[in-house]
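The values are calculated or read from the model by the stated rules, or taken from the named source; none is laboratory data. What you see is a predicted model, and the numbers here were worked out from it, not measured in a lab. Note that we place each Cβ from the backbone using ideal geometry, even for glycine, and neighbour counts take in every protein chain shown. Just the protein is used for accessible areas: all its heavy atoms, side chains included, with ligands, DNA and RNA removed. Shrake-Rupley method; radii C 1.70, N 1.55, O 1.52, S 1.80 Å.
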Amino acid sequence: MKLSFRNKIFFILIFFGLLPLLIFSFNIFFLSSYFLKETIFSNLEEITRLLSVETEDFILNSFNDISILSENPILKSSKISLEEKSKELNKIVKYYPRFQDITFVDEYGNTLCSTSFRFYGKWQTNAWFEKAKEKKEIVMSEIYAISDPKEPILSFFAPVFDEEGKFSFLMAVQINMERFFEIFDRVKVGKEGYAFLINSRGDILAHPNREFLFDKISQNYSLKETFERKEGRAEFNFKNTDFVATFKNVALNQISKVETPKWQIIVVQPKKEAFVLLNSLKKQIYLLTLIFFLFIIFLSVFLSRLISQPLKELTLATEKIAKGNFDVQIKSKRTDEFGELAKFFNQMTKKLGEYFFALEESKKVLEIRVKARTKELEELNKALEEKVQERTKELQEKIEELEKMKKELEEKIRELEKFREITVGRELKMIELKKEIEKLKKEIGKYKIKYEPK
Amino acid sequence: MKKNKLFAFFFVLLILILVGIFLFVSLKSELLIKKTKIPTVKEKAPVLEKELNIFNWENYLSEEVIKEFEQKFGVKVNLETFSDSEFMLSKVQSQPDKYDLVMVDHDYVYLMKNLKLLYPLEAQKIPNLNYLKKEARENSYDPGNIFCVPYVHGYTGIAINKKYISDFDGTRKILWDPKYRGKISMLNSVQEVLVSALFYLGVENVENPTSEELEKAINLALKQKDLVLGYDDPIEQRELLINEKAWVAYIYSTEIGEIKEKNPNVEFFAPKEGTFLWSDNLCIPKDAPHKEAAHAFLNYLLDPKVSAKNSQDIKALILNQAMKEFLDPKFVQVMEGLDFPKEKEILEKSRYFTNVIFNEDFQRAINILGAKLEIEE
């Protein structure tokens, strides 16, 4: 048995209804996701770009200021006493709030003078100090933690030469970190987004939350790749929060001839916050898809019913007609083709009924005629039978007569028999004569053959 | 009829699959985007590096032990030495990716831990950590040995010469006893002198004394100034005790082995008030380039046989509780009790003073006392 007409329509409708729906939903979904993500990331990228410029400016300005400082004639002069230099330094520190402390260190690592004497350390083993001493260039340190005072610092080491160009001592300049951190603290992305700075080893160098300073960035952030790519986008988990992020390397390598630290700015926003809009949109798309899905199924059921119902009625009606019931009428208020079909069908059924009635009537007339004729014929038949009986009687009489005649004849035959016996003697003589005649005839025949012309 | 049902079944299945794909893809779309844009980290299987950079005190690691390690593991060991923890700190701060193992004394462990300069040890890579002495494991500067493996432990105690002193009561009283004026040698560490006075005062919270207590301690320490022979460094103290110029010395336990060898009259005690504990520890800087080799070396050092050999070579007790059977009995006799005070009560009263660095009052007191005693460290 084949698939019912209604199901065929149902499946076709479902197929051609769902296919576009799904394709449409796919497209809406991907396009909207793409554009929303693009917006989120480009926002982050913009902030990252601005931050990197600001950071680079800060470092470059510090570098230039220190370069100018190292050329300061008072500081340079070998004739001016340390005390006077110290006074000059204090003035400078007041003038440049970017500098927290300036300390003069001789080549053996001994502190000559300092503006605050807060920062002391074993300069001799400080790699950046050594490098500055060795290369006679301004060297920038990494941001690192010191114990006394316990705070993060960033130092510049600048060689100072006297008037004759002879190396005299190194100037160790501590940057005011709060001013540096301010750059990062100012950044707010949404409610929970922020910016921070890392170095190529993954140490956090600037973070709005000071407790996270010098922690390692999480393992799932690929340092090598991000530093190689210089800038880009990332998603990673940090301190149990999923973040979307953009990163950009800070270009410090142009500012100094000596190797500078490799820094990278990361601007992050918690995924939860960044994707709020995207998630609600997703939900809406799911909901709409579901609603349309149900609607299409409903519509398919309805339409297939709409199309197949009159056909079903028609089939039922036709079935009844087939059984001889012409009283069937399809009730349809529809004005479309099905309505027309129903109308004509009803007309047809009516006509058919009428014809059938007429046929029945004529059949009845015919039957009456036949009956009458049959009667006539029966009568005729009767008459004929009577005649036959009469004739049969006559014949029987004749047969009896013939019987009589037969007996008379048999008697005459017996008389003749007696007569024949008397005449047999004469007969035998006749036969012998006949034989003689035959013989003669044969001999005559022989001569006849001899004279037969050839 | 069968065919019909089958067809319907497959049709429904097709639709379900389509819907399924739609849901799956939309849910996982973030992953798809991630794959194209986000850098991911590939975890590498740990490989033993071919090099190991150690930063250590001088003569504090047996050369033979290093050689054996090099041969056994195929790792080249580069040894650099320092003479002052501050130098070490300065190096590690400015080059956190230079050394794989550094020798850090206990308060620097505490400090460097706070400065986030240390790498947390992967204990599963150091199974021999089980051999570590129980006392060393229960330290207060790094509870649970998260950042360091204690190497050598010591404490400050009182050495006396039996020949001249018979009335020693086991307390610091002797350090202020006028009877021995000019025969007492104090350490040339202001902190040690101050801490000693604090203990003698019987201060309750000796690691966090009040400013009054500190003042009292300063005054007490100043009283000692006239009595002592001098504030000497450990090497000087060693000489003074051996040639009997000093009868009493406030001295590090690790110096005693050598002194006893040369002058058997010298005996050493942990003061009953409790004392200053200290230790040297091996730590891995957080950016150490050869972390696997560092772990392997730590594990190797704690092997009982290796520990015994190392102990005898550097003349100090490695903190290995299973090495005794491999040690020379004479060595054991001399060295026993020089890592931790033997008496439990004394050990319980003793402290590491790790937070002194962060205690401003304490620092100020040290500066004041240092200025008044004119101690050159």
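Test of understanding: among B:Glu86, B:Glu58, which residue is within 14 Å of another protein chain (Cβ to nearest Cβ), open to solvent by 30 Å² or more (accessible area, probe 1.4 Å), free of Cβ contacts under 8 Å to residues at least 60 places away in the same chain and among the acidic types (Asp, Glu)?
B:Glu86
List the residue pairs whose Cβ atoms are under 7 Å apart, where the first residue sits in segment A:49-64 and is on the phi < 0 side of the Ramachandran plot, the second is part of a helix (DSSP H, G or I), and the two are 6 or more positions apart or on different chains.
Pairs found: A:Leu51/A:Ile183; A:Glu54/A:Ile183; A:Thr55/A:Ile183; A:Phe58/A:Phe180; A:Phe58/A:Ile183.
The conditions are (1) within 11 Å of another protein chain (Cβ to nearest Cβ); (2) assigned to a strand (DSSP E or B); (3) buried (at least 18 other Cβ atoms within 10 Å of the Cβ), and A:Glu151 fails exactly one of them. Which is it?
So the condition that A:Glu151 fails would be (3).
Restricting attention to segment B:318-367, and to residues there that are among the acidic types (Asp, Glu) and at pLDDT 90 or above, which single residue is least open to solvent (accessible area, probe 1.4 Å)? Full working, then the answer.
Applying the first criterion (among the acidic types (Asp, Glu)) to segment B:318-367 yields B:325, B:328, B:336, B:339, B:343, B:345, B:348, B:360-361.
Next, only the ones that are at pLDDT 90 or above stay: B:325, B:328, B:339, B:343, B:345, B:348.
Numbers: B:Glu325: 150, B:Asp328: 74, B:Asp339: 7, B:Glu343: 78, B:Glu345: 114, B:Glu348: 126 Å².
This residue is B:Asp339.
Here's the yes/no breakdown for (1) in contact with a Lys or Arg (Cβ under 8 Å, 6 or more places away or on another chain); (2) part of a loop (DSSP other than H, G, I, E, B); (3) of a type in the set (Phe, Trp, Tyr); (4) open to solvent by 10 Å² or more (accessible area, probe 1.4 Å):
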residue	(1), (2), (3), (4)
A:Arg179	yes, no, no, yes
A:Lys191	no, yes, no, yes
A:Tyr194	yes, no, yes, yes
A:Leu197	no, no, no, no
A:Pro208	no, yes, no, yes
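State whether the residues of segment A:32-42 include one that is more than 26 Å from the chain's Cα centre (by Cα), hydrophobic (A, V, I, L, M, F, W, C), surrounded by 15 or more Cβ atoms within 10 Å (Cβ to Cβ) and assigned to a helix (DSSP H, G or I).
Yes: segment A:32-42 contains one or more residues that are more than 26 Å from the chain's Cα centre (by Cα), hydrophobic (A, V, I, L, M, F, W, C), surrounded by 15 or more Cβ atoms within 10 Å (Cβ to Cβ) and assigned to a helix (DSSP H, G or I).
Are there any strands (runs of 3 or more DSSP E) wholly within segment B:170-286 with 2 or more residues that are away from chain A (no Cβ under 14 Å), open to solvent by 10 Å² or more (accessible area, probe 1.4 Å) and modelled with pLDDT of 90 or more, and if so which?
Values: elements: B:184-187, B:228-232, B:248-252, B:266-269, B:277-283.
Output list reads B:228-232, B:266-269, B:277-283.
Can we say A:Leu50 is open to solvent by 60 Å² or more (accessible area, probe 1.4 Å), aliphatic (A, V, I, L, M) and not in a helix (DSSP H, G or I)? It would help to see each step written out before you state the result.
On the way: open to solvent by 60 Å² or more (accessible area, probe 1.4 Å): yes; aliphatic (A, V, I, L, M): yes; not in a helix (DSSP H, G or I): no.
Criteria not met by A:Leu50.
Quick check on segment B:300-317. Is at least one of its residues under 30 Å from B:Ala45 (Cβ atoms), in contact with a strand residue (DSSP E or B) (Cβ under 8 Å, 6 or more places away or on another chain), modelled with pLDDT of 90 or more and surrounded by fewer than 21 Cβ atoms within 10 Å (Cβ to Cβ)?
Residues of segment B:300-317 under 30 Å from B:Ala45 (Cβ atoms): B:300-307.
Now drop any that are not in contact with a strand residue (DSSP E or B) (Cβ under 8 Å, 6 or more places away or on another chain), which leaves B:301-302, B:304, B:307.
Among the residues that remain, those that are also modelled with pLDDT of 90 or more are: B:301-302, B:304, B:307.
Adding the requirement that they be surrounded by fewer than 21 Cβ atoms within 10 Å (Cβ to Cβ) leaves B:304.
Looking through segment B:300-317, at least one residue is under 30 Å from B:Ala45 (Cβ atoms), in contact with a strand residue (DSSP E or B) (Cβ under 8 Å, 6 or more places away or on another chain), modelled with pLDDT of 90 or more and surrounded by fewer than 21 Cβ atoms within 10 Å (Cβ to Cβ).
Does B:Leu79 count as open to solvent by less than 30 Å² (accessible area, probe 1.4 Å), touching a strand residue (DSSP E or B) at 6+ places or on another chain (Cβ under 8 Å) and outside any helix (DSSP H, G or I)? Write out each step before concluding.
Details: open to solvent by less than 30 Å² (accessible area, probe 1.4 Å): no; touching a strand residue (DSSP E or B) at 6+ places or on another chain (Cβ under 8 Å): yes; outside any helix (DSSP H, G or I): yes.
So B:Leu79 does not fit the description; no.
Go through segment A:365-402 and count every residue that is open to solvent by less than 100 Å² (accessible area, probe 1.4 Å) and not aliphatic (A, V, I, L, M).
Number of matching residues: 4.
Of these, A:Asn110, A:Asn220, which one is touching a Ser or Thr at 6+ places or on another chain (Cβ under 8 Å) and over 23 Å from A:Tyr95 (Cα atoms)?
A:Asn220
Counting just the residues of segment A:1-13 that are open to solvent by less than 80 Å² (accessible area, probe 1.4 Å) and aromatic (Phe, Trp, Tyr), which one comes out nearest to B:Phe22 (Cα to Cα)?
My answer is A:Phe11.
Based on this model, can you work out whether B:Val92 counts as modelled with pLDDT of 75 or more, away from chain A (no Cβ under 11 Å) and open to solvent by less than 60 Å² (accessible area, probe 1.4 Å)?
So B:Val92 does not fit the description; no.
Name the residues in segment B:368-377 that are open to solvent by less than 40 Å² (accessible area, probe 1.4 Å) and not in a helix (DSSP H, G or I), would you?
Kept after step one, since they are open to solvent by less than 40 Å² (accessible area, probe 1.4 Å), are these residues of segment B:368-377: B:369-370, B:373, B:375.
Correct list: B:Ile375 only.
Checking the structure you have, find out if any residue of segment A:32-47 is within 11 Å of chain B (Cβ to nearest Cβ) and among the acidic types (Asp, Glu).
Yes, because at least one residue in segment A:32-47 is within 11 Å of chain B (Cβ to nearest Cβ) and among the acidic types (Asp, Glu).
Being surrounded by 17 or more Cβ atoms within 10 Å (Cβ to Cβ) and on the phi > 0 side of the Ramachandran plot is the filter here, so list the residues in segment A:89-117 that pass it.
Selection gives A:Gly109 alone.
The conditions are (1) touching a Leu at 6+ places or on another chain (Cβ under 8 Å); (2) buried (at least 21 other Cβ atoms within 10 Å of the Cβ), and A:Thr125 fails exactly one of them. Which is it?
With (1) touching a Leu at 6+ places or on another chain (Cβ under 8 Å); (2) buried (at least 21 other Cβ atoms within 10 Å of the Cβ) applied to A:Thr125, the lone miss is (1).
As an exercise: evaluate A:Leu69 against (1) at pLDDT 85 or above; (2) in contact with a Ser or Thr (Cβ under 9 Å, 6 or more places away or on another chain) and give the number of the one condition it does not meet.
Just one mismatch for A:Leu69, condition (2).
Could you please let me know if A:Leu311 is over 24 Å from A:Glu45 (Cβ atoms) and within 14 Å of chain B (Cβ to nearest Cβ)?
no
Can you tell me which residue in segment A:112-131 is farthest from the chain's Cα centre (by Cα), limited to those that are in a loop (DSSP other than H, G, I, E, B) and among the hydrophobic types (A, V, I, L, M, F, W, C)?
A:Phe117
If A:Phe16 meets every condition in (1) open to solvent by 30 Å² or more (accessible area, probe 1.4 Å); (2) away from chain B (no Cβ under 13 Å) apart from one, which number is that one?
That leaves (2) as the condition not met.
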